[in-house]
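Participant: Okay, here's the structure, questions in a sec.
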Amino acid sequence: MKVMAIANYLGEDRVLKDLGKVAKDQHIDFIVFAGGIVSGTERVAEFENAEKEKRQASFEKISQEERTDLQQYEAFFKGLGDLNIPVYYIPGKFDAPIYRFLQEAFNYEIVYPHIRNIHKSFSFYRNHYELVGFGGEISEKQREEQFILRYPRWEVEYHLKIIRDLRPLQLLMVFYTPPYGGKLDLKDGQHFGSEVVEDFIKTFDPTYAFVGSGMDQGEEIIGTTHVINPGSLKDGEYAILNLRKRELQFKTL
């Protein structure tokens, strides 16, 4: 049972052809995407500048970026959808506004029913694995869904309480934000991950957890959970995991 883990596509459509070849050659059973579909460069810059300047961010300054977003969503969903294997995905921090992400997810899942958005939700693979996901940046209290995706602890707790009712044979969790305090959230010697994610991993003890943001490809163990950052697909990075043999390989296209 082989899983391809990817994240941070960020509109780099040149990688999709090679990725498809790898998926076919490696006989991948399903793909997990841990967020980061569009680049959102102008939108994120406007949001960050507005925060610094203590003003309201304005969509008027970035009106042209919607077209770019839609083109990047189209290439992403078609590229993965045409592989004809199951894909389970969540949004990243930059996949905002949320209505645009959800609208594109809805439209393309009609055409490609084997790809599933598991943001704030779950899905099953052949009744052997349950995949539960929560995308965007996860914080303690802050919330934003227009210029970036950022969610507070209470919202994550509310949506993921479904895990207690499902009681899967094997649980796989997918977050964009890495857990706090380990190997996967270091930047310039500082930890930037989420204690919320760390708490959820410790509470629900998934077999594997996939995370999207971080500096480099890597892995760590939290309790009995194997946490994996596949790296940035934009740079050709991905990971292949054999679920039955528990073998992990980090690769570059």
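Since every read-out is calculated from the coordinates, none of them should be taken as a lab result. The structure displayed is predicted, hence computed values, not measured ones. Note: ideal-geometry Cβ built from the backbone for every residue, glycine included; neighbour counts use all protein chains shown.
Participant: Which of LEU149, LEU243 comes first, and how do the rest follow, when ranked by fewest Cβ neighbours within 10 Å? Intermediate values should be presented prior to the final figure.
Facilitator: Working: LEU149 26, LEU243 18.
In order of increasing Cβ crowding within 10 Å: LEU243, LEU149.
Participant: Another question about this same structure. Using Cα positions and a limit of under 19 Å, work out the lysines in reach of LYS2, with same-chain residues fewer than 8 apart set aside.
Facilitator: Candidates past the 8-residue exclusion: LYS21, LYS24, LYS245, LYS251.
Participant: Still on this structure: Identify, among VAL15, ILE85, VAL44, the residue whose Cα sits farthest towards the positive end of the charge dipole of the chain, taking +1 on the Cβ of Lys and Arg and -1 on the Cβ of Asp and Glu, with the dipole about the Cα centre.
Facilitator: Checked the options; the winner is ILE85.
Participant: With contacts defined as alpha carbon pairs under 8 Å and 6 or more residues apart, what's the relative contact order of the chain in percent? The partial results should precede the final answer.
Facilitator: Numbers: 578 pairs, mean separation 53.6, N = 253.
Reported relative contact order: 21 percent.
Participant: Let me ask something else. Whole-Hz Karplus ³J(HN,Hα) for the range 8-18, in order, using 6.51 cos²θ - 1.76 cosθ + 1.60 and θ = phi - 60°, x for Gly and Pro?
Facilitator: Going residue by residue, I get 6, 5, 6, x, 8, 5, 5, 7, 5, 4, 5 Hz, with x marking Gly and Pro.
Participant: Ok, one more. What ranking of VAL111, VAL156 emerges when the number of other C-beta atoms within 10 Å of each C-beta is taken as an exposure proxy, fewest first?
Facilitator: Ordered by Cβ neighbours within 10 Å, fewest first: VAL111, VAL156.
Participant: Could you count how many Lys pairs in the range 62-194 have their Cα atoms under 25 Å apart, skipping same-chain pairs fewer than 8 positions apart?
Facilitator: Lysine pairs meeting both conditions in the range 62-194 amount to 12.
Participant: How about the range 91-128: which trypsin sites (Lys or Arg not before Pro) there are in a DSSP loop, with at most 13 other Cβ atoms within 10 Å of their Cβ? Intermediate results must be reported in sequence, preceding the final value.
Facilitator: Working: sites: LYS93, ARG100, ARG116, LYS120, ARG126; in loops: LYS93, LYS120, ARG126.
The qualifying sites are ARG126.
Participant: Return the calculated 222 nm mean residue ellipticity for the chain, to the nearest 500 deg cm²/dmol, obtained by summing -39500 (n - 2.57) across DSSP H runs with n ≥ 4 and dividing by the residue count.
Facilitator: Value at 222 nm, helices only, nearest 500: -9500 deg cm²/dmol.
Participant: Please give the direction-averaged projected area of the C-alpha convex hull for the chain, in square nanometres with one decimal.
Facilitator: Values: hull surface 51.8 nm².
It is 13.0 nm².
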